[in-house]
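A quick write-up on the structure given underneath.
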Amino acid sequence: MKNKLQNLKQEILNQLDKAADGLALQALEKKYLGRKGELTLLLKDIGNLPAEEKKAVGKVANGIRAEIQAKLAAVKQRLGVSQADKFFDATLPGVKVEVGHLHPLTQVQRELEKIFTSMGFMVLDGPELESDYYNFEALNIPAHHPARDLQDTFYIDHKNQQGEYDLVMRTHTSSVQVRAMEKYGAPLRCAVLGKIYRQEATDQRHEHTFYQIEGLMVDKDISAANLMAVLQTMFARLFGPGVTIRLRTGYFSFVEPGVEVEMSCLLCQGKGCPVCKQTGWVEMLGAGLVHPNVLRFGGIDPKIYSGFAFGTGIERLAMMKYGIDDIRLFHSGDLHFLQQF
Amino acid sequence: MLISLNWLKDFINVPPQITPDKLGELLTLHTVEVEAVRKLGGNLAKVVVGEIIKLEPHPNADRLKLATVNIGKETKRVVCGGGNLSVGMKVAFAQIGARIKWHGQGELVELQPAEIRGVKSAGMICAAAELGLESLFPVKEEREVIDLTPSMSPPDKGGEKILGKPLADVLGLDDVVYEIDNKSITHRPDLWSHYGMARDLAAVLPSPLTPLPLQPLGRLRGRGKIKLEVKVEDSKLCPRYMAVAVDNIEIKPSPEWMRKRLAACGQRPINNIVDVSNYVMLELGQPTHAFDLSRIATQTVTNSHPTGQAYGAGECNIVVRRAKRGETITTLDGQERKLDAEMLLITDGKNPVAIAGVMGGRVSEVDSNTTGIVIESANFNPVSIRRTSQKLGLRSEASMRFEKSLDPNLCAVALQRIVSLIKISCPQAAITSNLADIKNFKLNQGPIKLDLNWLNKKVGAEIPKAKTIKILKDLGFETSPSTPLLSKERGKRGEVINVKAPTWRATKDISIPEDLAEEAARIYGYQNIKPAAPQVLMQAPAANAEREFINRLRDVLSGPAAMTEVYNYSFVNAGQLAKLGIEARSHIKLANPLTQDHTLLRQSLIPALLQNVAANQRQTAEIKIYEVGRVFLPAAGELTKGGGKQEKLPQQPIKLGLVCAGKEEREHANYFKLKGIAEHLAGSLGLKFEFSPYSQPGGGAAAKITSENKIISAVYWHNDASLREAGIKVNTAVCEFDVAELFKVCQPMGIKKHQAKDKFPYVRRDMAFAVNEKILYNDFRRTLLAAHSLIKEVELFDVYQGGQLGPGEKSWAFNLTFGHSQKTLTGAEVDQAQKEIADKMAKKYGAQLRDF
């Protein structure tokens, strides 16, 4: 057995010396060292030897193996054959990194929070189950005022002593206006982001649950021109410096004057398309100068202070930004949708 | 609301360079939101006037005819199924290429040449519905095509010349209709009419405003054969009630021009009396009502005359009062309405004849036999109207206007306009009663002191004084210089003017200087105001620590934990909860849920997260989702309801819900995935979560999570029947934290501190123990860590059961780190330590050291 091994070793070493190129070397490797190579088979036979002989032969075999490996490496070097000459497919997929996903509305909310904190606005939230007082009355919308129709309201099945429903699912984040005024007084700059509710049948464009951002600034001599500048900043930061806004008259009981703010249509750059109903403008938010009654409800003297407020749906911003065409996707819990963000 | 451009042009001049679209834009920018601009003749391209010159039977169909139609330059032969065809009849002829609403239904379809039952047809004689002209040509019989013949007289309009002319031109369908967003005029009672819109546009354009052709009120007093007496019992609910009786009425269709305008504004023409009432409402914004005189008056001399003769002398007593509890009335729509004491009624002294300002009663309805009427032009309390219409679920064009606070002065204008319009359709009609006019109102027209400096500061633009005054005057305000200010204030304050609001703006719309600022700003135009950043004291905003904390949680979960954030509705239902074994009774209920799926407010995020699992389990092998959101508990929270009330709002804590679900390769894989996430979350917050076994009453494995000796959550491994009941087919683990509690535990943790590396190198050794399978890892590990002073850290890397191990045994393999702060450890020292550790573990747990 020992002899067999020695002979084979010599044969291999000789052959290796003669090998002229990488291809020949590959053939030799296969002939002797491959899975069914001559040396491989011989080494396997060692296992069948009696125990005492196995030990001695094994030692020799290991030496031979090492010698051949060293020779092989030397020949490889001589021939300039390296690992790199093996075909390597650089396009095979990399090792997958497992990633998580923030909800698209979280992402847009964070962008908004960043924009407004950079302008010195506090970020607030506030209760979602709100009293009729903060959601309506303190915003200059008394009971039985037609302005209550502007927002279809979910009422909580609870009546006060007068037999009226006095708890609602807040219909807007404006409900935090007077709470913030009461807590922080003037001057005041805050952005309120959160979940709101409307008792409204859902379809592709309508949801009964959605998110809003409310901006409120109270200080001395706050003007409509100030409101325009802040909103212009917000839209430019969200959608790029090219967007322009325009204001038109609008009605919300808690502001006077009240305006609707439109943004130049991103799709057609203001030329007119089906999305903007051929007008070149898309309605984005409601705003205005805080009604003196609301300041008074918040314990702020409207003779000294004035303010602006605005509010808009965050879904609408996200839909424009990401090209989402169905508002119901946001609350669908559909992973195919959520894992795109 | 629909506004007709032609109607507006009765009152203002629209310069030719202002196209209908441009006018719509001006309205949107300055006055109200225009949702759409509709061109009425827009769908009538290729539809012309034709005359049937020959009719032949269809060879293959009894109900069809072959009509030869002269359309001026040529004749066409078409197949037609109209039931009212006759030779000489003028018809609406659609040529090939016209766009038709097939059978009056669906989308517009382009007309193609066709072969109908073997006969070629090159066009179509149209029915009203096929062209969308039903309101102009009401259909009396089935299979009726439009008969234009009556519309073609007088003779100068008819004749040969008309044939082939576009139908839109011939019918005068040149109108443009603006669709107004009603929400944008909630605060403007004056804009619920053509005249009101025109008045605003007069200031926007600007254009002169044509006054209404009105006669002195005195002319409304007839030589009273009818004694009309009105008694208003509740003047707060009815600030003004005017009425007058008109006799010699003949009920017939209104003149075509009126029907056309009503139709353009979406109002179905009915008869000359109802139409006049509607017309005046659309023109002036004042709803009125016509009662059949014979039904509400008592005749002292003769009874009613169905033949249409004049009335004899009589009495008509109208009492405006609150309804009695349980009283009922059948309204015009045929429904019986139950009334209560808050509702205002118009009665004939005994019985109700109308629900004030909401809807008339059937009993006094004007019908084809009516020969005399009582016209009501009144003003009602907006809140009362609104409550009544809400309670009855009955919103009418009238109630919609009354609830906006109409100007009581409008009653008189409307009444005069009605009488003059009735006289156009019934020249013989005559006022036959005295004029009743009960009024009890006072408007606050100001004056409002307007500081022009203040105004410009508010707007943020320098609007010249003359411009502001012109804007206000164009809108109907009266301005005058204010009384001189005290000398001290002079110079500091700007010029102040007194502004008196017109009556139509004084009901509640305009009362403070801010209201005037809006008028100035919107007419001046926001496009003329330059944006200017606010100039304020620099101040860093206060941090919202809890919100920042939530953002940290999200960053960990959607970051290294690789979970997907979901948003769910806040609403759940009892059935959904029952399937999960959750009691629904304590949940806060919605008074007016949208659907039966969403009736209760959630108390946990888990039920909806489980629904997310059920919805995604087919498409997604591994589901790892979480939500941060509020839940609603029936206990009183910290925030008050406000407005001086000390009552508290219900608790609305923010929760964090986590779910791992999916088919498992390894047992309890989802539990350990979720536990790993919770442990990672704890680590990133500087916390340590302790997990201890906890059996929940309903079965299923669970662990409670403790941190800083406070139980803060529980992880459940769910694989029970209740989940299958809820439609979940995969293994699922859930856990929920109260964010405020978690935040509280985290706060004292402070900022992570740097720890210097030990000077002397560590030695690592592996040790495996065989122990009884009932021994808890947590306990074993704690003991192991404390088993020797040289141990720095222990980490489990293998769990094994079966094989050479005996039944009821398991093997744990640990990687142990040894170290000393003063010296480098020798191999012998570590060997010795290992030996001591093995002895300790054997003593305490009967653990046997295993060979590798």
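Just so you know, all these numbers are worked out from the coordinates, no wet-lab data involved. Every value quoted in this text rests on a predicted model; they were computed, and no experiment measured them. Positions of Cβ are generated from backbone atoms using ideal geometry, with glycine treated the same way; all protein chains shown enter the neighbour counts.
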Problem set entry | Calculated [θ] (222 nm, deg cm²/dmol) that DSSP helices of n ≥ 4 give over the protein assembly as shown, each run adding -39,500 (n - 2.57) | -8500 deg cm²/dmol
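Fewest Cβ neighbours within 10 Å first, please rank B:GLU565, A:GLU164 accordingly. Can you show the working numbers first?
Details: B:GLU565 21, A:GLU164 10.
Going from least to most buried by this count: A:GLU164, B:GLU565.
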Exercise. Non-local amide H neighbours of A:GLY288 (under 5 Å, H modeled in plane, Pro and chain starts lacking H): which ones?
Worked result: A:VAL259, A:ALA309
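Any of B:LYS624/B:LYS655; B:LYS579/B:LYS673; B:LYS39/B:LYS470; B:LYS710/B:LYS843; B:LYS579/B:LYS704; A:LYS96/B:LYS753 with alpha carbons more than 27 Å apart? Name them for me. Walk me through the numbers before you get to the answer.
On the way: B:LYS624/B:LYS655 17 Å; B:LYS579/B:LYS673 25 Å; B:LYS39/B:LYS470 33 Å; B:LYS710/B:LYS843 32 Å; B:LYS579/B:LYS704 23 Å; A:LYS96/B:LYS753 33 Å.
Result: B:LYS39/B:LYS470; B:LYS710/B:LYS843; A:LYS96/B:LYS753 exceed 27 Å.
What per residue convex hull volume, in Å³, comes out for chain A when only alpha-carbon positions are used?
With only Cα atoms used, chain A gives 292 Å³ per residue.
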Seminar exercise, completed: The residues B:ASP200, B:ASP779, sorted from fewest to most surrounding Cβ atoms within 10 Å, come out as B:ASP779, B:ASP200
Exercise. Which far-off residues, 5 or more places away or on another chain, put their amide H under 5 Å from the one on B:ASN544, with H placed in the peptide plane?
Worked result: A:VAL123
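Can you pull the semi-axes for the stretch A:2-85, root of five times each eigenvalue of the Cα gyration tensor, sorted largest first, whole Å? Before the final figure, lay out each step's value.
Numbers: eigenvalues 141, 27, 23 Å².
Calculated on Cα positions only, the semi-axes equal 27, 12, 11 Å.
Test of understanding: ordering B:LYS457, B:LYS508, B:LYS624 by Cβ neighbours within 10 Å, fewest first, what list do you get?
Least to most surrounded, the residues fall as B:LYS508, B:LYS457, B:LYS624.
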For this session: Starting from the Cα-Cα distance between B:SER420 and B:ASN778, subtract it from 0.36 nm times their residue separation and give me the gain in nm to one decimal.
Result: 119.3 nm
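Where Lys and Arg each count +1 and Asp and Glu each count -1, what net charge lies around A:GLU113 among other residues with Cβ under 12 Å from its Cβ?
Details: positive: A:ARG110, A:LYS114, A:ARG237, B:ARG547; negative: A:GLU111, A:ASP125, B:GLU548.
After counting each charged neighbour, the total is +1.
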Exercise. Residue-wise, which Karplus ³J(HN,Hα) couplings in Hz belong to the stretch B:121-129, taking 6.51 cos²θ - 1.76 cosθ + 1.60, θ = phi - 60°, and x for glycine or proline?
Worked result: 9, 10, x, 7, 8, 9, 8, 4, 5
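Once the convex hull of the alpha carbons of the stretch B:217-439 is built, what does its volume come to per residue, in cubic angstrom?
In the stretch B:217-439, the Cα convex hull volume per residue is 107 Å³.
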For this session: With label points built 7 Å along Cα→Cβ from the Cα atoms of A:LYS114 and B:ALA114, find their separation and express it in nm.
Result: 6.0
Problem set entry | Net charge over other residues, Cβ less than 13 angstrom from the Cβ of A:LYS71 (K, R count +1; D, E count -1) | +1
For this session: Enumerate cysteines in chain A without a disulfide-compatible partner, where compatibility requires another Cys Cβ under 4.7 angstrom.
Result: A:CYS190
For this session: Using a cut-off of 14 Å between beta-carbons, work out the net charge of the residues near A:CYS268 (Lys and Arg +1, Asp and Glu -1, A:CYS268 not included).
Result: +1
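How would the stretch A:253-341 be classified by its alpha-carbon gyration tensor: rounded, prolate or oblate, with rounded meaning a/c under 1.5 and the a/b versus b/c comparison settling the rest?
Values: a/c = 4.02, a/b = 1.71, b/c = 2.35.
Taking the square roots of the gyration eigenvalues as a ≥ b ≥ c, the stretch A:253-341 is oblate.
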Exercise. If amide H atoms are built 1.01 Å from N in the plane of the peptide, which residues on other chains or at least 5 residues away come under 5 Å of the amide H of B:GLU495?
Worked result: B:LEU452, B:ASN453
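Stokes-Einstein diffusion coefficient for the stretch A:83-186 at 25 °C in a medium of 0.890 mPa s, Rh from the Kirkwood formula over Cα pairs: what value in µm²/s? Mind dumping the intermediate values first?
Working: Rh = 18.2 Å.
In µm²/s, the coefficient is 135.
GluC sites (Glu not before Pro), restricted to the stretch A:55-120: which are DSSP loop and have at most 16 other Cβ atoms within 10 Å?
On the way: sites: A:GLU67, A:GLU98, A:GLU111, A:GLU113; in loops: A:GLU98.
Answer by residue number: A:GLU98.
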For this session: Determine ³J(HN,Hα), in whole Hz, for all residues of the stretch B:64-80 in sequence, where each value follows from phi through the Karplus function 6.51 cos²θ - 1.76 cosθ + 1.60 and θ = phi - 60°; x replaces Gly and Pro.
Result: 9, 10, 9, 10, 9, 10, 8, 10, x, 6, 8, 10, 10, 10, 10, 8, 9
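In whole percent, what relative contact order does chain B give with Cα contacts below 8 Å and a gap of six or more residues? Mind dumping the intermediate values first?
Working: 1642 pairs, mean separation 69.9, N = 852.
After rounding, I find 8 percent.
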For this session: Sequence neighbours fewer than 8 away in the same chain don't count; with that in mind, list the lysines whose C-alpha is under 29 Å from B:LYS465.
Result: A:LYS220, A:LYS303, B:LYS22, B:LYS449, B:LYS457, B:LYS473, B:LYS488, B:LYS492, B:LYS500, B:LYS508, B:LYS530
